[in-house]
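Each remark here refers to the structure printed beneath this line.
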Ligand SMILES: Cc1ncc(COP(=O)(O)O)c(C=O)c1O
């Protein structure tokens, strides 16, 4: 049978980046003692008040079709929060609700780029970006992040990659997989490039609430690019609501209208009772989210100090997000072989760097998505594995 070209374009290595995770999960289901740290699925429960709000709304019969662009109360709550954090006043019409930031990005890409266009993406990059750009039929151009500067972006490198086909810059801060958080100066540099070359700046900000020692700066806090900046957010990470699939786009008015036209045939609007609960998430204080934040910091501190004391392993301290990228080249293995060996010999599943880009094939990504005691156990196992590799190479 014949398939549309999009099906072939999506059948790439990126589609199989989570192969180790799928395998590890099956082994765990079969009773093996495996610690899964290969996916960004937080272990925390959604705060109780939010879950209760969904139940109440469900019982109140909020089970009909909602507005295509999202419920007005939720769009307003997002616009208010956006104004509070970025200083940018946006109207409700500039907010479009999508099932997660992932779908939001997909919808934005379809509205902004097409075959013949180029999209600049700092690399390493989140695994799905490759498929998103491929799906739109555009060409992804990787722009290397500076490994030696904690994976920060040099806007001059971005500019060097611009051609007359470039249409869009796709940023992600705080960054998955490196934990880098872009500075205001770096974003200003990106804004200058975008203005000079008439480009869109789309920024995936799903980890906006999760920084440790530095502030998050939204791309929308740069007034000079207000007509060309797009922010993507969600409740998945900030409120441990991954499975609820509540995300959004904040965009200039014309793009927001195009997005509404697109989401009609794409997903037809999200469940009103989930969106009612999302309003509670955004408009009320939840002590659980503060506790979560504190815990992520403790987890980061424990894992980074342990990893950096292990033979052959090194990592830089993430400034945000819930991940760290571990350089395993000192063990003599690349990320792929290290990760599979660790799964077989240590029962810990980490994600090989391959899916994030060519510059980090010597790395593995560690997710801080388990309680401290489990992470400590995982570190013990990783250390034993790293020592076994050390003694192997000593005896070779
Ligand atoms: C950088 C990044 N963007 C988007 C997503 C997807 O987020 P959502 O659950 O809001 O679709 C993830 C999930 O891990 C992510 O790490």
Lone qualifier among 78, 89 - being without any contact (Cβ under 8 Å) to a residue 24 or more places away in the chain and either in a helix (DSSP H, G or I) or in contact with a helix residue (DSSP H, G or I) (Cβ under 7 Å, 6 or more places away or on another chain) (or both) = 89
ask   = If you go through the range 191-216 one residue at a time, how many are assigned to a loop (DSSP other than H, G, I, E, B), closer than 22 Å to residue 147 by Cβ and more than 16 Å from the ligand (Cβ to nearest atom)?
value = 3
key: Condition met for residue 175 (within 17 Å of the chain's Cα centre (by Cα), at pLDDT 95 or above and more than 16 Å from the ligand (Cβ to nearest atom))   = no
request  = Could you grab me the full set of residues in the range 99-117 that are near the ligand (Cβ under 8 Å from one of its atoms) and either more than 14 Å from residue 131 (Cα to Cα) or surrounded by 24 or more Cβ atoms within 10 Å (Cβ to Cβ) (or both)?
outcome  = 99, 100, 101, 104, 105
query = residue 210 fails exactly one of the following numbered conditions: (1) under 21 Å from residue 108 (Cα atoms); (2) in contact with a helix residue (DSSP H, G or I) (Cβ under 7 Å, 6 or more places away or on another chain). What is the number of that condition?
reply = (1)
In the range 227-243, the residues that are surrounded by 22 or more Cβ atoms within 10 Å (Cβ to Cβ) and within 9 Å of the ligand (Cβ to nearest atom) = 232, 233, 234, 235, 236, 237, 241
ask   = If a residue has to be outside any helix (DSSP H, G or I), more than 16 Å from the ligand (Cβ to nearest atom) and surrounded by 15 or more Cβ atoms within 10 Å (Cβ to Cβ) to count, how many in the range 24-75 make the cut?
value = 9
task = Those residues that are touching a residue at least 40 places away in the same chain (Cβ under 8 Å) and more than 17 Å from residue 313 (Cβ to Cβ), I need them from the range 343-376; list them, please.
result = 347, 354, 355, 356, 357, 358, 359, 369, 370, 371, 372, 374
query = Is one or more of the residues making up the range 335-349 in a loop (DSSP other than H, G, I, E, B), under 17 Å from the mean Cα position of the chain (by Cα), at pLDDT 95 or above and crowded, with 17+ Cβ neighbours inside 10 Å?
reply = no
ask   = Looking only at residues in the range 360-382 that are touching a helix residue (DSSP H, G or I) at 6+ places or on another chain (Cβ under 7 Å) and in a helix (DSSP H, G or I), which one is farthest from residue 322 (Cα to Cα)?
value = 381
request  = Considering each of 188, 164 in turn, give the residue that is more than 16 Å from the ligand (Cβ to nearest atom), farther than 16 Å from residue 221 by Cβ and without any contact (Cβ under 8 Å) to a residue 40 or more places away in the chain.
outcome  = 164
query = Just one of 318, 371 is within 16 Å of the ligand (Cβ to nearest atom) and either closer than 26 Å to residue 132 by Cα or assigned by TED's automatic domain parsing to the domain that holds residue 24 (or both); which is it?
reply = 318
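The values are calculated or read from the model by the stated rules, or taken from the named source; none is laboratory data. Owing to the predicted nature of the structure, the values given are computational and were not obtained by experimental measurement. All Cβ positions, glycine included, derive from the backbone under ideal geometry; neighbour counts span all protein chains shown.
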